[in-house]
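Enquirer: One structure, as C-alpha coordinates, below. Some questions next.
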Amino acid sequence: MIAEHPAETMLAAVLYGSEDLRMERIPVPSIGAGELLLRVGAALTCGTDLKVYRRGYHAMMLKPPVVFGHELAGVVVELGAGVTKFAVGDRVLPLNSAPCDGCYFCRHNQQNLCQNLLFNNGAYAQYMRIPARIVEKNTLLVPDGVPLEHAALTEPLACVILGLEQSGAKAGDTMVVIGAGPIGLMFMHTAHLSGIRVIAVVKREDQIATALHFGATDVVQITAGVDTVAAVRELTGEARGADVVIEAVARPATWEQAVGMVRKGGVVNFFGGPPSGTVVGLDTNRLHYGDITLKATFHLTPETARTAFALITGGRFKAAEFITRTAKLSEVPDVFARMTTRSADKVRDIKTAIFPNGSGTGQ
(Lines give C-alpha, C1' and ligand atoms only; values in the text may rest on other atoms or scores of the structure.)
Protein backbone atom coordinates (compact mmCIF):
# COMPACT_ATOMS: atom_id res chain seq x y z
CA MET A 1 0.00 0.00 0.00
CA ILE A 2 1.41 3.40 -0.98
CA ALA A 3 0.52 6.93 0.12
CA GLU A 4 1.32 9.84 -2.16
CA HIS A 5 4.49 11.77 -1.34
CA PRO A 6 4.04 15.53 -1.14
CA ALA A 7 7.24 15.90 -3.20
CA GLU A 8 10.04 13.86 -4.74
CA THR A 9 12.70 15.63 -2.67
CA MET A 10 13.04 16.41 1.00
CA LEU A 11 15.05 18.63 3.32
CA ALA A 12 17.73 16.82 5.34
CA ALA A 13 20.73 17.55 7.55
CA VAL A 14 23.77 15.89 5.95
CA LEU A 15 27.01 15.38 7.90
CA TYR A 16 30.15 15.80 5.79
CA GLY A 17 32.82 15.81 8.51
CA SER A 18 33.88 17.40 11.78
CA GLU A 19 31.38 20.18 12.59
CA ASP A 20 30.38 20.24 8.93
CA LEU A 21 26.61 19.78 8.91
CA ARG A 22 24.70 21.08 5.90
CA MET A 23 21.02 21.43 5.05
CA GLU A 24 20.33 19.99 1.60
CA ARG A 25 17.46 18.94 -0.60
CA ILE A 26 17.87 15.27 -1.50
CA PRO A 27 15.58 12.61 -2.98
CA VAL A 28 12.96 11.06 -0.72
CA PRO A 29 14.29 7.53 0.01
CA SER A 30 12.88 4.65 -2.00
CA ILE A 31 12.06 1.46 -0.11
CA GLY A 32 12.29 -2.24 -0.84
CA ALA A 33 10.60 -5.40 0.35
CA GLY A 34 9.94 -5.51 4.09
CA GLU A 35 10.80 -1.84 4.58
CA LEU A 36 8.89 1.25 5.72
CA LEU A 37 9.00 4.88 4.68
CA LEU A 38 8.25 7.21 7.57
CA ARG A 39 7.33 10.85 7.68
CA VAL A 40 9.51 11.90 10.61
CA GLY A 41 7.29 13.33 13.33
CA ALA A 42 10.01 14.13 15.84
CA ALA A 43 13.77 13.64 16.08
CA LEU A 44 15.84 14.28 19.20
CA THR A 45 19.35 15.55 19.78
CA CYS A 46 21.69 13.12 21.48
CA GLY A 47 25.10 13.07 23.17
CA THR A 48 26.29 10.42 20.73
CA ASP A 49 25.24 12.61 17.81
CA LEU A 50 27.14 15.50 19.40
CA LYS A 51 30.31 13.36 19.63
CA VAL A 52 29.86 12.29 16.00
CA TYR A 53 29.32 15.93 14.97
CA ARG A 54 32.55 16.95 16.70
CA ARG A 55 34.62 14.02 15.42
CA GLY A 56 33.03 13.87 11.98
CA TYR A 57 32.43 10.12 11.96
CA HIS A 58 31.40 7.05 13.97
CA ALA A 59 33.32 3.86 13.23
CA MET A 60 30.27 1.62 13.72
CA MET A 61 27.23 3.76 12.97
CA LEU A 62 27.93 5.94 9.96
CA LYS A 63 30.37 7.16 7.34
CA PRO A 64 30.03 10.72 5.94
CA PRO A 65 28.52 12.13 3.89
CA VAL A 66 25.33 10.82 5.47
CA VAL A 67 21.95 12.06 6.63
CA PHE A 68 22.39 12.59 10.37
CA GLY A 69 20.42 11.65 13.51
CA HIS A 70 19.10 8.43 15.03
CA GLU A 71 16.48 9.13 17.74
CA LEU A 72 13.04 9.51 16.14
CA ALA A 73 9.43 8.48 15.83
CA GLY A 74 7.12 9.06 12.90
CA VAL A 75 4.14 8.09 10.76
CA VAL A 76 4.16 5.32 8.15
CA VAL A 77 3.54 6.70 4.64
CA GLU A 78 4.59 3.72 2.55
CA LEU A 79 4.86 -0.05 3.02
CA GLY A 80 7.33 -2.32 1.30
CA ALA A 81 6.16 -5.62 -0.15
CA GLY A 82 5.41 -8.22 2.51
CA VAL A 83 4.95 -5.85 5.46
CA THR A 84 1.92 -6.98 7.45
CA LYS A 85 2.67 -5.72 10.97
CA PHE A 86 2.04 -2.06 10.12
CA ALA A 87 -0.29 0.06 8.02
CA VAL A 88 -0.07 3.45 6.35
CA GLY A 89 -0.92 6.06 8.97
CA ASP A 90 0.48 4.08 11.93
CA ARG A 91 2.49 6.08 14.45
CA VAL A 92 5.66 4.07 15.08
CA LEU A 93 8.94 4.07 16.93
CA PRO A 94 11.81 2.53 14.95
CA LEU A 95 14.94 1.83 16.99
CA ASN A 96 18.22 2.78 15.34
CA SER A 97 19.51 -0.79 15.16
CA ALA A 98 18.60 -4.47 15.08
CA PRO A 99 20.68 -7.59 15.79
CA CYS A 100 20.98 -10.55 13.43
CA ASP A 101 20.02 -13.13 16.11
CA GLY A 102 22.30 -15.68 14.46
CA CYS A 103 25.89 -14.78 15.33
CA TYR A 104 27.93 -16.00 18.32
CA PHE A 105 27.02 -12.99 20.49
CA CYS A 106 23.31 -13.11 19.72
CA ARG A 107 23.26 -16.82 20.52
CA HIS A 108 24.91 -16.00 23.87
CA ASN A 109 22.22 -13.44 24.77
CA GLN A 110 24.45 -10.45 23.98
CA GLN A 111 22.50 -8.90 21.12
CA ASN A 112 23.99 -5.50 21.88
CA LEU A 113 27.34 -6.94 20.74
CA CYS A 114 25.96 -8.55 17.56
CA GLN A 115 28.77 -8.79 15.04
CA ASN A 116 26.28 -8.00 12.28
CA LEU A 117 24.44 -5.24 14.13
CA LEU A 118 22.50 -3.15 11.61
CA PHE A 119 22.44 0.59 12.33
CA ASN A 120 20.17 3.16 10.75
CA ASN A 121 20.69 6.92 10.62
CA GLY A 122 18.80 9.76 8.98
CA ALA A 123 16.41 11.16 11.59
CA TYR A 124 17.09 14.83 10.81
CA ALA A 125 15.08 14.71 7.61
CA GLN A 126 11.46 14.93 6.50
CA TYR A 127 11.34 11.23 5.57
CA MET A 128 13.34 8.17 6.58
CA ARG A 129 13.67 4.63 5.28
CA ILE A 130 13.44 1.88 7.89
CA PRO A 131 15.30 -1.33 6.86
CA ALA A 132 13.45 -4.63 6.89
CA ARG A 133 15.37 -6.09 9.84
CA ILE A 134 14.53 -3.09 12.03
CA VAL A 135 10.91 -3.19 10.85
CA GLU A 136 10.69 -6.84 11.87
CA LYS A 137 12.65 -6.80 15.13
CA ASN A 138 12.73 -3.27 16.55
CA THR A 139 9.80 -1.13 15.42
CA LEU A 140 6.95 -0.52 17.86
CA LEU A 141 3.47 1.00 17.57
CA VAL A 142 3.13 4.22 19.56
CA PRO A 143 -0.11 4.30 21.59
CA ASP A 144 -2.60 7.10 20.99
CA GLY A 145 -1.97 10.01 23.31
CA VAL A 146 1.79 9.46 23.57
CA PRO A 147 3.61 12.29 21.76
CA LEU A 148 6.10 11.06 19.19
CA GLU A 149 8.87 13.14 20.75
CA HIS A 150 8.34 11.22 24.01
CA ALA A 151 8.44 7.86 22.23
CA ALA A 152 11.72 8.89 20.58
CA LEU A 153 13.39 8.84 24.02
CA THR A 154 13.20 5.05 23.95
CA GLU A 155 16.62 4.45 22.35
CA PRO A 156 18.77 6.25 24.95
CA LEU A 157 16.62 5.00 27.81
CA ALA A 158 17.00 1.41 26.56
CA CYS A 159 20.78 1.84 26.71
CA VAL A 160 20.50 3.14 30.27
CA ILE A 161 18.29 0.23 31.33
CA LEU A 162 20.82 -2.24 29.94
CA GLY A 163 23.51 -0.42 31.93
CA LEU A 164 21.46 -0.67 35.12
CA GLU A 165 20.73 -4.35 34.57
CA GLN A 166 24.37 -5.18 33.87
CA SER A 167 25.47 -3.25 36.97
CA GLY A 168 23.28 -5.38 39.22
CA ALA A 169 21.84 -2.38 41.07
CA LYS A 170 18.75 -3.11 43.16
CA ALA A 171 16.34 -1.33 45.45
CA GLY A 172 18.08 -0.10 48.59
CA ASP A 173 21.51 0.18 46.97
CA THR A 174 23.45 3.42 46.74
CA MET A 175 24.51 4.45 43.25
CA VAL A 176 26.79 7.28 42.19
CA VAL A 177 26.14 8.81 38.79
CA ILE A 178 28.99 10.93 37.44
CA GLY A 179 27.66 13.39 34.86
CA ALA A 180 24.40 15.29 34.43
CA GLY A 181 23.95 15.18 30.68
CA PRO A 182 20.90 13.44 29.20
CA ILE A 183 22.29 9.95 29.88
CA GLY A 184 23.40 10.76 33.42
CA LEU A 185 19.99 12.25 34.19
CA MET A 186 18.26 9.17 32.74
CA PHE A 187 20.36 6.97 35.02
CA MET A 188 19.39 9.11 38.02
CA HIS A 189 15.70 9.10 37.18
CA THR A 190 15.46 5.40 36.32
CA ALA A 191 17.48 4.38 39.39
CA HIS A 192 15.26 6.53 41.59
CA LEU A 193 12.15 4.90 40.11
CA SER A 194 13.73 1.54 40.99
CA GLY A 195 14.19 2.44 44.66
CA ILE A 196 17.94 3.09 44.42
CA ARG A 197 19.51 5.95 46.35
CA VAL A 198 21.36 8.24 43.95
CA ILE A 199 24.38 10.46 44.61
CA ALA A 200 25.00 12.75 41.62
CA VAL A 201 28.40 14.18 40.72
CA VAL A 202 28.06 17.29 38.56
CA LYS A 203 30.27 20.01 37.19
CA ARG A 204 28.13 23.15 36.98
CA GLU A 205 26.04 24.98 39.57
CA ASP A 206 22.93 24.87 37.38
CA GLN A 207 23.12 21.06 37.22
CA ILE A 208 22.57 20.66 40.95
CA ALA A 209 18.85 21.45 40.86
CA THR A 210 18.37 19.34 37.75
CA ALA A 211 20.01 16.30 39.35
CA LEU A 212 17.82 16.68 42.45
CA HIS A 213 14.73 17.05 40.26
CA PHE A 214 15.41 13.74 38.50
CA GLY A 215 15.89 11.77 41.69
CA ALA A 216 19.33 12.37 43.20
CA THR A 217 19.26 12.39 47.00
CA ASP A 218 22.61 14.16 47.29
CA VAL A 219 24.76 16.12 44.83
CA VAL A 220 28.52 16.66 44.87
CA GLN A 221 29.79 19.45 42.66
CA ILE A 222 33.26 19.13 41.16
CA THR A 223 35.04 22.20 42.49
CA ALA A 224 38.68 23.28 42.44
CA GLY A 225 40.45 22.31 45.65
CA VAL A 226 37.77 19.82 46.72
CA ASP A 227 38.48 16.07 46.84
CA THR A 228 35.47 14.82 44.89
CA VAL A 229 36.11 11.16 45.74
CA ALA A 230 36.31 11.88 49.47
CA ALA A 231 33.19 14.05 49.33
CA VAL A 232 31.23 11.23 47.69
CA ARG A 233 32.48 8.56 50.10
CA GLU A 234 31.47 10.73 53.08
CA LEU A 235 27.87 10.41 51.88
CA THR A 236 27.99 6.61 52.18
CA GLY A 237 27.82 4.48 55.33
CA GLU A 238 31.16 4.48 57.19
CA ALA A 239 32.56 6.21 54.07
CA ARG A 240 32.82 2.77 52.48
CA GLY A 241 31.80 3.93 49.01
CA ALA A 242 28.81 3.27 46.77
CA ASP A 243 27.48 -0.13 45.74
CA VAL A 244 27.49 0.93 42.08
CA VAL A 245 29.17 3.83 40.28
CA ILE A 246 28.10 4.91 36.79
CA GLU A 247 30.57 6.99 34.79
CA ALA A 248 28.61 8.97 32.18
CA VAL A 249 31.14 11.63 31.21
CA ALA A 250 33.67 9.69 29.10
CA ARG A 251 36.84 11.29 30.46
CA PRO A 252 39.92 9.54 31.89
CA ALA A 253 39.84 11.60 35.09
CA THR A 254 36.28 10.57 35.90
CA TRP A 255 36.97 6.94 35.01
CA GLU A 256 39.72 7.00 37.64
CA GLN A 257 37.54 8.82 40.18
CA ALA A 258 34.76 6.26 39.68
CA VAL A 259 37.03 3.47 40.95
CA GLY A 260 37.79 5.55 44.02
CA MET A 261 34.10 6.05 44.81
CA VAL A 262 32.99 2.41 44.80
CA ARG A 263 32.97 0.16 47.87
CA LYS A 264 34.79 -3.13 48.21
CA GLY A 265 32.90 -5.73 46.24
CA GLY A 266 31.10 -3.03 44.27
CA VAL A 267 30.63 -2.43 40.56
CA VAL A 268 31.86 0.39 38.35
CA ASN A 269 30.17 0.80 34.99
CA PHE A 270 32.20 2.85 32.52
CA PHE A 271 29.17 3.85 30.49
CA GLY A 272 30.72 6.89 28.85
CA GLY A 273 32.92 5.98 25.87
CA PRO A 274 36.10 8.05 25.39
CA PRO A 275 37.77 8.30 21.96
CA SER A 276 39.80 5.38 20.63
CA GLY A 277 43.30 5.26 22.08
CA THR A 278 42.37 6.85 25.42
CA VAL A 279 44.36 5.41 28.35
CA VAL A 280 43.55 5.55 32.07
CA GLY A 281 45.57 4.71 35.18
CA LEU A 282 43.90 2.54 37.83
CA ASP A 283 45.12 1.38 41.24
CA THR A 284 45.54 -2.38 40.68
CA ASN A 285 45.98 -3.00 44.42
CA ARG A 286 42.57 -1.48 45.16
CA LEU A 287 40.97 -3.40 42.31
CA HIS A 288 42.39 -6.75 43.34
CA TYR A 289 42.11 -6.61 47.14
CA GLY A 290 38.83 -4.72 46.97
CA ASP A 291 37.27 -7.37 44.73
CA ILE A 292 35.93 -4.61 42.47
CA THR A 293 34.09 -5.39 39.26
CA LEU A 294 34.73 -3.13 36.27
CA LYS A 295 32.04 -3.12 33.60
CA ALA A 296 31.32 -1.21 30.41
CA THR A 297 27.90 -1.30 28.77
CA PHE A 298 27.37 -0.69 25.07
CA HIS A 299 24.11 0.04 23.28
CA LEU A 300 20.83 -1.84 23.89
CA THR A 301 18.90 -5.03 23.24
CA PRO A 302 15.38 -5.53 21.86
CA GLU A 303 14.32 -6.52 25.38
CA THR A 304 15.61 -3.35 27.06
CA ALA A 305 14.08 -1.30 24.24
CA ARG A 306 10.69 -2.72 25.10
CA THR A 307 11.25 -2.15 28.81
CA ALA A 308 12.14 1.48 28.11
CA PHE A 309 9.17 1.91 25.78
CA ALA A 310 6.80 0.56 28.43
CA LEU A 311 8.27 2.91 31.04
CA ILE A 312 7.73 5.91 28.77
CA THR A 313 4.29 5.00 27.47
CA GLY A 314 3.14 3.96 30.94
CA GLY A 315 3.65 7.50 32.22
CA ARG A 316 6.08 6.88 35.10
CA PHE A 317 9.05 8.29 33.22
CA LYS A 318 9.19 12.12 33.10
CA ALA A 319 9.50 12.17 29.32
CA ALA A 320 8.26 15.72 28.79
CA GLU A 321 10.85 17.10 31.19
CA PHE A 322 13.77 15.68 29.21
CA ILE A 323 12.77 17.76 26.19
CA THR A 324 13.75 21.31 27.04
CA ARG A 325 13.90 22.95 23.60
CA THR A 326 12.26 22.61 20.21
CA ALA A 327 13.54 23.53 16.75
CA LYS A 328 12.73 23.38 13.07
CA LEU A 329 14.62 21.05 10.76
CA SER A 330 16.33 24.00 9.07
CA GLU A 331 17.80 24.98 12.45
CA VAL A 332 19.66 21.68 13.06
CA PRO A 333 23.17 23.02 12.19
CA ASP A 334 22.63 25.94 14.58
CA VAL A 335 21.34 23.58 17.28
CA PHE A 336 24.53 21.49 17.14
CA ALA A 337 26.77 24.54 17.00
CA ARG A 338 25.09 25.74 20.20
CA MET A 339 25.45 22.33 21.83
CA THR A 340 29.24 22.50 21.46
CA THR A 341 29.28 25.52 23.79
CA ARG A 342 26.31 24.77 26.02
CA SER A 343 28.50 24.52 29.14
CA ALA A 344 28.27 28.30 29.17
CA ASP A 345 24.48 28.20 28.78
CA LYS A 346 22.82 28.53 32.16
CA VAL A 347 19.41 27.47 30.86
CA ARG A 348 18.71 23.81 31.57
CA ASP A 349 19.26 22.17 28.19
CA ILE A 350 18.75 18.40 28.08
CA LYS A 351 17.33 17.46 24.69
CA THR A 352 16.04 19.43 21.71
CA ALA A 353 13.10 18.03 19.75
CA ILE A 354 13.34 18.64 16.01
CA PHE A 355 10.05 18.69 14.08
CA PRO A 356 10.99 18.11 10.43
CA ASN A 357 7.49 18.56 9.06
CA GLY A 358 6.50 21.59 11.07
CA SER A 359 3.70 22.19 13.58
CA GLY A 360 5.99 22.14 16.62
CA THR A 361 4.75 18.78 17.82
CA GLY A 362 5.31 15.20 16.80
CA GLN A 363 1.68 14.19 17.46
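Enquirer: Which residues, counting only those in region 142-160, are in contact with a helix residue (DSSP H, G or I) (Cβ under 8 Å, 6 or more places away or on another chain), of a type in the set (A, V, I, L, M) and either more than 18 Å from His189 (Cβ to Cβ) or surrounded by 24 or more Cβ atoms within 10 Å (Cβ to Cβ) (or both)?
Expert: Matches in region 142-160: Val142, Ala151, Leu153, Leu157, Ala158, Val160.
Enquirer: Which numbered condition in (1) assigned by TED's automatic domain parsing to the domain that holds Tyr53; (2) among the charged types (D, E, K, R); (3) touching a residue at least 24 places away in the same chain (Cβ under 8 Å) is the only one that Lys63 fails?
Expert: If we test Lys63 against (1) assigned by TED's automatic domain parsing to the domain that holds Tyr53; (2) among the charged types (D, E, K, R); (3) touching a residue at least 24 places away in the same chain (Cβ under 8 Å), just (3) comes out false.
Enquirer: Show the residue pairs that are 6+ apart or on different chains and have beta-carbon atoms under 6 Å apart, the first residue being within region 234-251 and under 16 Å from Ala169 (Cα atoms), the second being part of a strand (DSSP E or B) and among the polar types (S, T, N, Q).
Expert: What qualifies is Thr236/Thr174; Ala242/Thr174; Asp243/Thr174; Ile246/Asn269.
Enquirer: Could you tell me whether any residue of region 116-123 is more than 14 Å from Gly69 (Cα to Cα) and either among the hydrophobic types (A, V, I, L, M, F, W, C) or crowded, with 24+ Cβ neighbours inside 10 Å (or both)? Can you show your working first?
Expert: Here is the first cut: in region 116-123, the residues more than 14 Å from Gly69 (Cα to Cα) are 116-118.
The next check asks that each one be either among the hydrophobic types (A, V, I, L, M, F, W, C) or crowded, with 24+ Cβ neighbours inside 10 Å (or both); those that pass are 117-118.
Yes, region 116-123 has at least one match.
Enquirer: Among the residues of region 67-99, what is the count of those that are acidic (Asp, Glu) and in a loop (DSSP other than H, G, I, E, B)? Walk me through it before giving the result.
Expert: From region 67-99, those acidic (Asp, Glu) are 71, 78, 90; that's our starting set.
Cutting the leftovers down to in a loop (DSSP other than H, G, I, E, B) gives us 90.
Number of matching residues: 1.
Enquirer: Give me the helices (runs of 4 or more DSSP H) completely within region 127-234, filtered to those with at least 3 residues that are more than 28 Å from Asn112 (Cβ to Cβ) and among the hydrophobic types (A, V, I, L, M, F, W, C), ordered by residue number.
Expert: Numbers: elements: 132-137, 148-151, 154-167, 182-193, 206-213, 228-233.
Passing ranges, in order: 206-213, 228-233.
Enquirer: Pick from region 225-277 the residues that are on the phi > 0 side of the Ramachandran plot and modelled with pLDDT under 95: which of them is surrounded by the most Cβ atoms within 10 Å (Cβ to Cβ)?
Expert: Looking at the filtered set, the residue picked out is Ala250.
Enquirer: Take the residues of region 301-325 that are in contact (Cβ under 8 Å) with a residue 60 or more places away in the chain and β-branched (Val, Ile, Thr): which is farthest from Gln115 (Cα to Cα)?
Expert: Only one residue fits best here, namely Ile323.
Enquirer: Scanning region 90-121 for residues that are small (Gly, Ala, Ser) and in contact (Cβ under 8 Å) with a residue 24 or more places away in the chain, which turns out farthest from Ala12 (Cα to Cα)?
Expert: It comes out as Ala98.
Enquirer: Can you tell me which residue within region 40-66, out of those that are touching a helix residue (DSSP H, G or I) at 6+ places or on another chain (Cβ under 8 Å) and assigned to a loop (DSSP other than H, G, I, E, B), is surrounded by the most Cβ atoms within 10 Å (Cβ to Cβ)?
Expert: By that ranking, first place goes to Thr45.
Enquirer: Return the residue satisfying two criteria in turn: it lies in region 87-99 and is crowded, with 19+ Cβ neighbours inside 10 Å and over 17 Å from the mean Cα position of the chain (by Cα), and of such residues it is nearest to Ala310 (Cα to Cα). So that I can check it myself, show each step before the final result.
Expert: Of region 87-99, the ones crowded, with 19+ Cβ neighbours inside 10 Å are 91-99.
Of the ones still in play, those that are also over 17 Å from the mean Cα position of the chain (by Cα) are 91-92, 99.
Numbers: Arg91: 16, Val92: 14, Pro99: 20 Å.
Filtering first and then ranking leaves Val92.
The values are calculated or read from the model by the stated rules, or taken from the named source; none is laboratory data. Given the structure is predicted, the values throughout are model-derived calculations rather than measurements. Please note: Cβ atoms are built from the backbone with ideal geometry, for glycine as well, and neighbour counts cover all protein chains shown.
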